[in-house]
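Everything below concerns the one structure shown next.
The values are calculated or read from the model by the stated rules, or taken from the named source; none is laboratory data. Source: prediction; values computed, not measured. Counting neighbours? That spans all protein chains shown, and the Cβs are built from the backbone with ideal geometry, glycine included.
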Amino acid sequence: MASKIKKIAVFTSGGDSPGMNAAIRSVVRTCAYLNIECVGIYRGYQGMIEGDFKTLDARSVNNIINKGGTILKSARCDEFRTAQGRKKAYDQLTKEGIEAFVVIGGNGSFTGALLFTEEYDFPVIGIPGTIDNDILGSSFTIGFDTAINTVVDVIDKIRDTASSHNRLFFVEVMGRDVGHIALNAGVGAGAEEILIPEQNLGLERLLDSLKRSKASGKSSSIVIVAEGDKIGKNVFELKEYVEEHLPIYDVRVSVLGHMQRGGNPTCFDRVLASRMGVKAVESILEGKTNLMVGIRDTKLVLTPLAEAIKAHTEIDEELIRVSDIMTT
Ligand code: F6P
């Protein structure tokens with residue numbers, strides 16, 4: 001693989017996700033394997049602007065494949081949204097002799113990367129790392145599998161107490177504007193109803209469903225609510241609404257929050273991250289740029305960053321149907 005590029009940087013950006021460390025490790029070790037110098041940038045674009053760099057060799061990433069979070073830290077950086085910020089970042093990269101970078105992050109991180117590469121003709125490859133699984137061009141993002149397993153684990157526990165007290169629980173999960181975490185974890189945990197932004201069921205339908213559930217002999221219920229759901233009420237308002245209209249229910253709320261972003265990555269996320277890191281470095285050395293590594297039908301594929309940031313992945317309609325049937 002003859003390439004002029006001899007120094008590549010890697011960093012994590014935006015919300016962290018379990019498996020980011022496995023992706024960093026993969027990029028670093030692939031560089032070491034191919035005799036390319038690898039530089040870690042701390043705190044995403046903020047660290048790029050400030051020149052917060054550290055050379056990483058194969059041993060710098062020992063014992064991190066199993067760790068949640070990101071050893072390179074992460075940040076959301078407003079300054080990089082400005083032309084001046086990006087100029088400062090470019091100056092730092094060239095001063096350090098960095099000739100290309102791999103960005104591990106989500107939509108916002110890729111938007112920044114695309115602007116940067118268009119302005120400075122700088123080779124860039126993206127690796128999708130976010131628990132939301134919302135990036136076009138990849139069936140899975142790094143961290144999603146771990147997050148849904150975490151959510152299922154917690155809902156199993158909530159179900160224990162819900163059934164002991166014959167209670168209805170509204171459980172709010174993350175996902176930003178999409179319902180992939182809610183739908184997948186909801187089906188996996190056997191939720192009675194799943195409220196996602198892609199499908200506005202309406203309050204009436206929710207009440208009907210809860211009435212049917214009670215009439216069919218269910219004593220407790222779990223309703224998963226995606227944080228971006230558009231039913232018009234948040235989980236606490238939903239609790240009040242249901243208590244007012246269906247007083248037979250004793251309702252509780254659980255907002256899972258940032259615990260969904262933590263924890264040791266699943267084997268699926270570790271393997272995905274390892275594969276994507278290799279592909280990212282190899283793609284740079286093959287002269288490819290402005291692309292994101294994704295996975296489709298178990299194969300790694302490259303999608304232009306401009307495509308990847310255009311829209312969110314669509315919700316799986318078949319899984320919605322399965323969920324409807326399972327709640328009978
Ligand atoms: O994009 C990942 C995510 O965890 C979303 O699910 C959530 O809406 C958001 O980040 C929370 O961001 P922050 O950690 O900045 O509050």
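Quick notes
- Test: residue in the stretch 51-63 that is crowded, with 20+ Cβ neighbours inside 10 Å, touching a Cys at 6+ places or on another chain (Cβ under 9 Å) and not in a loop (DSSP other than H, G, I, E, B): yes
- Residues of the stretch 28-50 that turn out to be assigned to a helix (DSSP H, G or I) and closer than 20 Å to E96 by Cβ, as a count: 11
- Some residue of the stretch 25-44 being surrounded by fewer than 24 Cβ atoms within 10 Å (Cβ to Cβ) and acidic (D, E): yes
- From V251, V278, V322, residue being part of a helix (DSSP H, G or I), more than 18 Å from the chain's Cα centre (by Cα), not polar (S, T, N, Q) and not assigned by TED's automatic domain parsing to the domain that holds G68: V322
- Tallying residues that are away from the ligand (no atom under 16 Å from the Cβ) and touching a Leu at 6+ places or on another chain (Cβ under 6 Å) within the stretch 156-186 yields 1.
- All conditions in (1) away from the ligand (no atom under 15 Å from the Cβ); (2) modelled with pLDDT of 95 or more; (3) within 29 Å of the chain's Cα centre (by Cα); (4) acidic (D, E) hold for D145, with the sole exception of (1).
- Count of the stretch 234-252 residues which are more than 16 Å from the ligand (Cβ to nearest atom) and closer than 29 Å to F140 by Cα: 0
- Tabulated pairs, the stretch 257-280, first at positive phi, second small (G, A, S) and within 16 Å of the ligand (Cβ to nearest atom), C-beta under 9 angstrom, 6+ apart or interchain: G263/G68; G263/A147
- Comparison of R29, R76 shows that the only residue that is within 18 Å of the chain's Cα centre (by Cα) and more than 18 Å from P265 (Cα to Cα) is R76.
- Boolean, D91 is more than 27 Å from the chain's Cα centre (by Cα) and among the acidic types (D, E): yes
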